Amino acid sequence: MGSNQSSEKLYCNRYLDGNGPPSLVQQANAEVNGIYKVLSGTQPPGQMTWVILHRDLPGHPIDNTLQINYIFPDGIQTDKHPHPGQPYAGLRLCAYLPDSRDGRRVLKLLDKAFNTELLFSVVTNNMGQDVITPASIPLKTQAEGGIKVDGYPDPDYLKNVRKILKDKGIE
């Protein structure tokens with residue numbers, strides 16, 4: 001090193017010349033250091049909104065309820081669907097979460113999954129119609145009735161859905 005240059009200046013110049021290590025963005029895009037790229041799914045265009053209901057869910061007696069509303073209009077399938085160019089039936093669906101710290105965390109994760117098109121997909125039903133249905137991420141579509149009807153109480157739901165979302169790159 002020359003007498004007029006400090007090690008900090010040399011280090012900075014290396015980065016300014018583009019010869020330093022990859023930036024965090026470059027590392028994430030290259031899926032380096034254990035960072036996984038978030039998948040993108042086949043969900044058709046739709047809308048996700050939520051409201052707070054001032055009532056509790058079974059198993060969550062001190063929390064209000066988050067009602068998540070999913071709305072998908074009828075549409076035409078694209079290349080990422082089973083029958084491109086063919087119509088599919090729209091969907092209106094409500095899902096429920098407790099308005100708790102864990103429930104809000106899951107709400108944010110579901111929103112992220114929705115925005116990366118992983119929450120719903122177009123499938124052909126038993127009658128041969130192409131319809132929108134929840135994908136492989138379970139939703140609680142009934143406020144009551146228990147696990148058998150996708151409702152509450154279900155003491156492991158929040159933990160299980162967080163794990164499923166994490167496995168799909170949603171954290």
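Values for this structure:
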{"read-out": "Ranked order, 71, 147, 62, 137 - accessible area, probe 1.4 Å, largest first", "value": "62, 147, 71, 137"}
{"read-out": "Heavy-atom accessible area ranking, 1.4 Å probe, most first, across 83, 60, 54", "value": "54, 83, 60"}
{"read-out": "Computed magnitude of the charge dipole of the range 57-121 (debye, nearest 20; Cβ of K, R +1, Cβ of D, E -1)", "value": "160 debye"}
{"read-out": "Per DSSP, loop trypsin sites (Lys or Arg not before Pro) in the range 60-150 with at most 16 further Cβ within 10 Å", "value": "80"}
{"read-out": "Accessible-area value, residue 117, 1.4 Å probe, nucleic acids and ligands omitted, Å²", "value": "60 Å²"}
{"read-out": "Under 5 Å, built H, 5+ apart or other chain: amide partners of residue 50", "value": "69"}
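The values are calculated or read from the model by the stated rules, or taken from the named source; none is laboratory data. Remember, it's a predicted structure, so these values are computed and weren't measured experimentally. Note that each Cβ is placed from the backbone with ideal geometry, even for glycine, and that neighbours are counted across all protein chains shown. Remember, those area values only see protein heavy atoms, side chains included, never the ligands or the DNA or RNA. Shrake-Rupley method; radii C 1.70, N 1.55, O 1.52, S 1.80 Å.
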